[in-house]
Amino acid sequence: MRMNCRITEPGVRMIDHEAVVTIALRAGEAIMKVYNKSSPVKVTKKDDDSPLTEADLAAHEVIIAGLKNIDNNIPIVSEEGRIGDPTSSPSCWLVDPLDGTKEFIKRNGMFTVNIAMMAHREGRWEPIFGVVHAPVTNTTWLGGIGVPAERRAPSGSGPMLVRPSSPPAPVRLVASGSHRGERDEIFAASLGKYDLLRLGSSLKACVVAEGSADLYPRFGPTSCWDIAAAHAVVVAAGGKVLGPEGKKLDYDLVDEILNPYFLVTSDEKWITEWVLAQK
């Protein structure tokens, strides 16, 4: 039996987290209607040269309508557009309607719907609740302040916790299927024996949260909406998301949407290697 927890944070409105999960599922359904078409996916280019499909826009419309129905006064920052002014509010939604558009175009299934509730603190933003939904496998990861981390899937659902490996077992490293460079190789080598899993989108952080991987280092470019929802889930599961100096990653949703390098980790014991990899 699922409990309808409320997302609670001083100065932030109380939100029924199950309503947000339902929105993510509906967005996933809108994406799958496009994904399952026999015709090729129509792709256009945005101003930053990143791809945009009708699935991105369909999911965006579903999410915007759903979040406005929850509370029309909470600003929404989405990859596909902004509604309201986040700087005038103690909280806002941060959304990537289709994280992994390139994976969607390839039809490899490794894309997600990301929805995060963000709290404004001293000029920066912190995720306090997140939902990540993988439409192809119908798997959902969620968690945050007042909401225990949970994985829901057709094969079974339940609470989840990070599970860091210990020697002599190899470190379980997860990396992007399309972005991997010299810094990734240097960091991986510093870990000693490791196994490498390649995934797309926020799935990389979610497998750390569920205990299937130890580390997800990101040296490539990302935006705030790419990781914030999974960030909340990872923290709820007992993990950490750290910036280049080994400190908690926070966000700027207005002036600088790009993230610095970051590490999703199941344990603090790899922080030294992470910080040294920046030099």
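Since every read-out is calculated from the coordinates, none of them should be taken as a lab result. Bear in mind the structure is a predicted one, so any value in this text is a computation, not a measurement. Virtual Cβ from ideal backbone geometry, glycine too; neighbours counted across all protein chains shown.
Annotations
- Total lysine pairs in the range 185-279 at Cα distances under 18 Å, for residues eight or more apart or on different chains: 7.
- The 3J(HN,Hα) values that the Karplus relation (6.51, -1.76, 1.60; θ = phi - 60°) gives for the range 40-50 are, in residue order, x, 6, 7, 10, 10, 10, 7, 4, 8, 6, 7 Hz. Gly and Pro appear as x.
- In this Cβ point-charge picture (+1 for Lys and Arg, -1 for Asp and Glu), the range 133-214 has a dipole of about 100 debye about its Cα centre.
- Candidates T87, T44, T22: whichever shows maximal mean-square fluctuation once the chain is modelled as a Gaussian network with Cα springs under 10 Å: T44
- Overall dimensions of the range 148-253 as given by Cα atoms, namely Rg and Dmax in Å: 13.8, 41
- The orientation-averaged projection of the convex hull spanning the C-alpha atoms of the range 104-205 amounts to 9.1 square nanometres.
- Candidates S176, S166, S201: whichever shows maximal mean-square fluctuation once the chain is modelled as a Gaussian network with Cα springs under 10 Å: S166
- Integer Hz, Karplus 6.51/-1.76/1.60 couplings in order for the range 191-205, x for Gly and Pro: 8, x, 6, 8, 10, 10, 10, 9, 9, x, 6, 6, 4, 4, 6
- The convex hull around the C-alpha trace of the chain, projected and averaged over every direction, spans 14.5 square nanometres.
- For R198, residues with placed amide H under 5 Å, excluding near neighbours: A175
- Furthest towards positive pole of dipole, V132, I257, S166, structure part the chain, Cβ charges: S166
- Loop-resident sites, the range 172-253, for trypsin sites (Lys or Arg not before Pro), counting at most 12 other Cβ within 10 Å (DSSP): K193, K247
- Length-normalised contact order for the range 184-279 - Cα pairs under 8 Å, 6+ apart - percent: 33
- For the range 164-225: rounded, prolate or oblate by the Cα gyration tensor [a/c cutoff 1.5]: oblate
- Electrostatic bookkeeping for S38 treats Lys and Arg as +1 and Asp and Glu as -1; over the other residues with beta carbon under 15 Å from its beta carbon, the sum is +3.
- Over the range 79-186, Cα pairs under 8 Å with separation of 6+ residues give a relative contact order of 14 percent.
- In sequence order, calculated HN-Hα J values of the range 77-82 (Karplus, 6.51, -1.76, 1.60; Hz; x Gly/Pro): 10, 10, 4, 9, x, 10
- For the chain, modelled as a GNM whose springs connect Cα atoms under 10 angstrom apart, the maximal fluctuation among G200, G239, G109 occurs at G109.
- Spin-label pair L197-N73: with each label point 7 Å from Cα along the Cα-Cβ axis, the two points sit 4.2 nm from one another.
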